[in-house]
Amino acid sequence: MIKVSISRLQKEPVELIGVEPAAFLELGNEEQFAVVSDVSYDLTAHCVSGNALVSGVVRVTIEGVCGRCLEPVRREIATEKLQLLFPLESVADELDISEDVRSEMLLALPMNLLCREDCAGLCPVCGVNRNKKKCRCHERATGSPVWSALDDLKLE
Ligand SMILES: [Zn+2]
Ligand SMILES: [Zn+2]
């Protein structure tokens, strides 16, 4: 639970630095990756005209396989700088911001994990990892005979 004490907040900005276990994100098994670190947050709450303004960053490390080439991927994912606003009218003494922090972190997780943006993936014909090795399946299927002939020449 990530909570802000209202009495403290009304006196001074409150720093919220800490970790929650990965289970905090309540991710299902259907994801293409697993969260392999704690959820770490570094946030500051300010009192701004009757609201709590929370800003900062939340981070996790994920591990999975690239959606195109199936190579293992390990990556730190950080949210964009958060800006969350909570009206304080109906809050008694503690403001629980867990749910909002959780959804911001979920939004930052990739829909499709890739080892890199321009991953070339596996060749659908021969199965070779095209990041590591060039195969000529594509050229054989769609390339013009002239270019194929030139390629053959270069190999010799
Ligand atoms: Zn890849
Ligand atoms: Zn191929």
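Values in this text are rule-based calculations from the coordinates and carry no lab data. This one's a predicted model, so the numbers in the text were calculated from it and none came from an experiment. Note that each Cβ is placed from the backbone with ideal geometry, even for glycine, and that neighbours are counted across all protein chains shown.
State yes or no: is Arg68 in contact (Cβ under 8 Å) with a residue 12 or more places away in the chain, under 19 Å from Leu109 (Cα atoms), surrounded by fewer than 14 Cβ atoms within 10 Å (Cβ to Cβ) and within 16 Å of ligand 1 (Cβ to nearest atom)? It is false that Arg68 is in contact (Cβ under 8 Å) with a residue 12 or more places away in the chain, under 19 Å from Leu109 (Cα atoms), surrounded by fewer than 14 Cβ atoms within 10 Å (Cβ to Cβ) and within 16 Å of ligand 1 (Cβ to nearest atom). Candidates Arg116, Arg75: the one that is within 14 Å of ligand 1 (Cβ to nearest atom) and either touching a helix residue (DSSP H, G or I) at 6+ places or on another chain (Cβ under 6 Å) or more than 14 Å from Ala34 (Cα to Cα) (or both) is Arg116. Can you tell me which residue is farthest from Lys3 (Cα to Cα) among those in the stretch 16-46 that are surrounded by 13 or more Cβ atoms within 10 Å (Cβ to Cβ) and small (Gly, Ala, Ser)? The extreme case among them is Ser37.
Considering every residue within the stretch 1-14, establish whether at least one is of a type outside the set (Asp, Glu), touching a helix residue (DSSP H, G or I) at 6+ places or on another chain (Cβ under 7 Å), over 30 Å from Asn129 (Cα atoms) and surrounded by fewer than 17 Cβ atoms within 10 Å (Cβ to Cβ).
There is at least one residue in the stretch 1-14 that is of a type outside the set (Asp, Glu), touching a helix residue (DSSP H, G or I) at 6+ places or on another chain (Cβ under 7 Å), over 30 Å from Asn129 (Cα atoms) and surrounded by fewer than 17 Cβ atoms within 10 Å (Cβ to Cβ).
Of the residues in the stretch 16-35, at least one is among the small types (Gly, Ala, Ser), part of a strand (DSSP E or B), within 17 Å of the chain's Cα centre (by Cα) and under 21 Å from Leu106 (Cβ atoms).
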